[in-house]
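Shown next, in C-alpha cells, is the structure this report addresses.
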Amino acid sequence: MALSPIVTATLQSAVLAATSNLLAQAIIAYQAESSFVIDWVPVFQFVIYAFINIPPNFLWQDFLESTFPAYHISPTPAAVKSAAANDEKALEQEAKEGKLVEPKLNIGNTIIKMILDQTIGAAVNTFLFSIFMHSIQAAMLRPLGSPDQSVQYLFSRGAINYAQVDWTRVVALSRAEFYPILVAGWRLWPVVSLINFVFIKSIEGRNLVGSLAGVGWGVYMSLITAR
C-alpha cells in the first residue's frame, strides 16, 4: 500500500534530520581531534522534531500553493498570433496538438508566497524549534556522561521527564536566540523557497528539496544546540 504524501515527506525528513545531526557530531569530533562516538540522544531529538514539525509545514505549503497558485493557464504565443491573424485553421491545429494554452508563472503569487513563508512561516518555525530543543534537552538530562551509553539511556525508564523542565528558562533561551537564527535562515531559505515556488510544482517535491537543503541547515542547528 502506497504511503500518503504527508507520511512520505515526514519519513524522508526524519532520515535527513538524523543524517544532519550525525554529520554535526562528526564535525565536532574532528574539530576536537577526538574519536567519533555516536551520541544517539540528539539524533533521537532531531528525529522526533521532524515527526512533529513536518506535517504542519506540509499543510502550510499546501495552503500557500492552493491560495496563491504558482502557475496560471495562459494562451501560447502561437495561439495569440493565430487569433490576432484570425487564422481559424491554425487555431484548430494548435488545439489538436494541445498548444492553445500553457502554464505560466504567476510572479505576483510567487512573491506573496515567499514573503509569507519567510516571515510568518520562518518566525513560527524558528521559535518552535528553539522551544522544542531547549525543553527536550532539559527533559533528558543524563546522569550518563559518555555518548557510547546513549542507547542505554534512551531505553531507560524516565529517559524523558518534562516535570523537571524550567519553562521560564526555556522561553528565555528561545527568545534570546530567535533573531540570530532567523537572520541566519534568511541567508539560505529564501533561495530554497524561490527554487521551490518557481521550478518545483508538487508539494512532495518541494518538501524533498527543502529537506535536502535542511541537511546543511540541520548541521548548523545541531552545532548550535550542542553548545
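Where a number appears in this text, it was derived from the coordinates with a stated rule and is not lab data. Model, not experiment: these values are computed from the prediction. Quick reminder, even Gly has a Cβ in these numbers, built from the backbone with ideal geometry, and neighbours come from all protein chains shown.
Quick notes on this structure:
- Here the 3J(HN,Hα) profile of the stretch 57-66, calculated from phi with Karplus coefficients 6.51, -1.76 and 1.60 at θ = phi - 60°, is 5, 4, 5, 5, 5, 5, 5, 4, 5, 6 Hz, Gly and Pro shown as x.
- Exposed GluC sites (Glu not before Pro) absent: longest stretch of the chain, with sites in DSSP loops and at most 14 other Cβ within 10 Å deemed exposed: 98-227
- Computed from Cα atoms, the angle from the helix 203-225 axis to the main principal axis of the chain rounds to 30 degrees.
- Cut-off under 5 Å, modelled amide H: who pairs with Tyr71 long-range: Asn106
- Identified option (computed Rg and Dmax of the Cα atoms in Å; candidates (i) 23.4, 82; (ii) 21.3, 69; (iii) 16.7, 54): (i)
- A DSSP coil position with no more than 11 other Cβ atoms inside 10 Å describes the following trypsin sites (Lys or Arg not before Pro) in the stretch 110-191: Arg157, Arg187.
- Within a Gaussian network of the chain (alpha carbon springs, distance under 10 Å), most fluctuating of Phe36, Phe197, Phe46: Phe36
- Top of Gln61, Gln12, Gln31 by mean-square fluctuation, Gaussian network on the chain, Cα under 10 Å: Gln31
- For Thr76, the residues whose modelled amide H falls within less than 5 Å of its own, excluding neighbours fewer than 5 places apart on the same chain, are Val101, Glu102.
- Euclidean distance between Cα centres, the stretch 1-69 to the stretch 104-121, Å: 24 Å
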